[in-house]
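A quick write-up on the structure given underneath.
The values are calculated or read from the model by the stated rules, or taken from the named source; none is laboratory data. Fair warning: this is a prediction, and the values are worked out from it, not measured in the lab. Don't worry about glycine lacking a Cβ; one is built from the backbone with ideal geometry, like all the others, and counts go over all protein chains shown. The accessibility values were calculated without ligands, DNA or RNA, using every heavy atom of the protein model including side chains. Shrake-Rupley method; radii C 1.70, N 1.55, O 1.52, S 1.80 Å.
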Amino acid sequence: MKHDATAEAALVSACRRRDDAAFGRLIDLYQARIYGFVKRMVHDAEDAQDLTQEVFIRAYQGLDRFDGRASLRTWLFRIATNLCIDRSRRQTNALEIVPPEEGEEWDNTPDHRWDPEAAMLSSEFNDVVETALAQMSEKLRVVLLLHDREDMAYEEIAATMSLPVGTVKSRLFLARESLQKSLKQYMGAQGVQS
């Protein structure tokens, strides 16, 4: 999504005037991306829906405090990240490892119904990736998802998480290394030569 500062400023201005149609456009622009990010952070569709709704409630309530130094997208993802971290802290278990729901796949997975073996392998591989993400530390998972799934630049992630750009790069490297290690173990278990 290309950042158009003028259009974004107009949208924010209209939202600040409590223009419900403008806020509806804001939700339409960002809801799917925010939900996708939150779902991968909390691993539960119902919790992800609740947290996504809370992101937009907080955004609506806090629009007067949005200063425009960061993009609207960055600000919304910061709210989402903070809500996910708060939820994680409230959990009784510090690390909740929940495998993906049965039949759940990545959003852009091709349809392999014509090839049952390919579909099974694809589903199994997706489960391995989702499990690896769930086992990853939250600070690494957030950076990986924001960069690789949400196409955020290092600077935007740094602004979202209030971190130096160098820390973002380091965490992204470590996250990818962790994911690669998990995938190598899977590929080795499958007897696939790398």
### Query
assigned to a helix (DSSP H, G or I), open to solvent by 90 Å² or more (accessible area, probe 1.4 Å), free of Cβ contacts under 8 Å to residues at least 12 places away in the same chain and under 24 Å from Leu140 (Cα atoms) - does that describe any residue in the stretch 18-26?
no
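Criterion first (of a type outside the set (Val, Ile, Thr), in a helix (DSSP H, G or I), more than 18 Å from Leu140 (Cα to Cα) and open to solvent by 30 Å² or more (accessible area, probe 1.4 Å)) does Ala48 satisfy it?
Numbers: of a type outside the set (Val, Ile, Thr): yes; in a helix (DSSP H, G or I): yes; more than 18 Å from Leu140 (Cα to Cα): yes; open to solvent by 30 Å² or more (accessible area, probe 1.4 Å): no.
For Ala48, the condition - of a type outside the set (Val, Ile, Thr), in a helix (DSSP H, G or I), more than 18 Å from Leu140 (Cα to Cα) and open to solvent by 30 Å² or more (accessible area, probe 1.4 Å) - is not met.
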### Task
Working carefully through the options Arg78, Arg69, find the one that is closer than 18 Å to Thr160 by Cα and either in contact with a Gly (Cβ under 6 Å, 6 or more places away or on another chain) or loosely packed, with under 12 Cβ neighbours inside 10 Å (or both).
Arg69
### Query
Give me the pairs: first residue in the stretch 141-153 and closer than 18 Å to Leu29 by Cα, second residue modelled with pLDDT of 90 or more and open to solvent by 50 Å² or more (accessible area, probe 1.4 Å), beta-carbon distance under 7 Å, and six or more apart or on different chains, which are they?
Glu150/Arg33
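Taking the options Ala7, Ala32, name whichever one is open to solvent by 40 Å² or more (accessible area, probe 1.4 Å), modelled with pLDDT under 90, hydrophobic (A, V, I, L, M, F, W, C) and out of contact with any Cys (no Cβ under 9 Å at 6 or more places or on another chain). Show your work before the answer.
Working: Ala32 fails: modelled with pLDDT under 90.
Exactly one residue qualifies, and that residue is Ala7.
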## Note on the structure
All conditions in (1) in a helix (DSSP H, G or I); (2) in contact (Cβ under 8 Å) with a residue 24 or more places away in the chain; (3) within 19 Å of Met161 (Cβ to Cβ) are true of Cys15 except (3)
### Summary
Among helices (runs of 4 or more DSSP H) completely within the stretch 125-194, the ones holding 1 or more residues that are aromatic (Phe, Trp, Tyr), farther than 24 Å from Asp86 by Cα and open to solvent by 70 Å² or more (accessible area, probe 1.4 Å) are 165-189
### Task
Tell me which residues, restricted to the stretch 1-38, are of a type in the set (A, V, I, L, M) and under 13 Å from Leu76 (Cβ atoms).
Met1, Leu11, Val12, Leu26, Ile27, Leu29, Ala32, Ile34, Val38
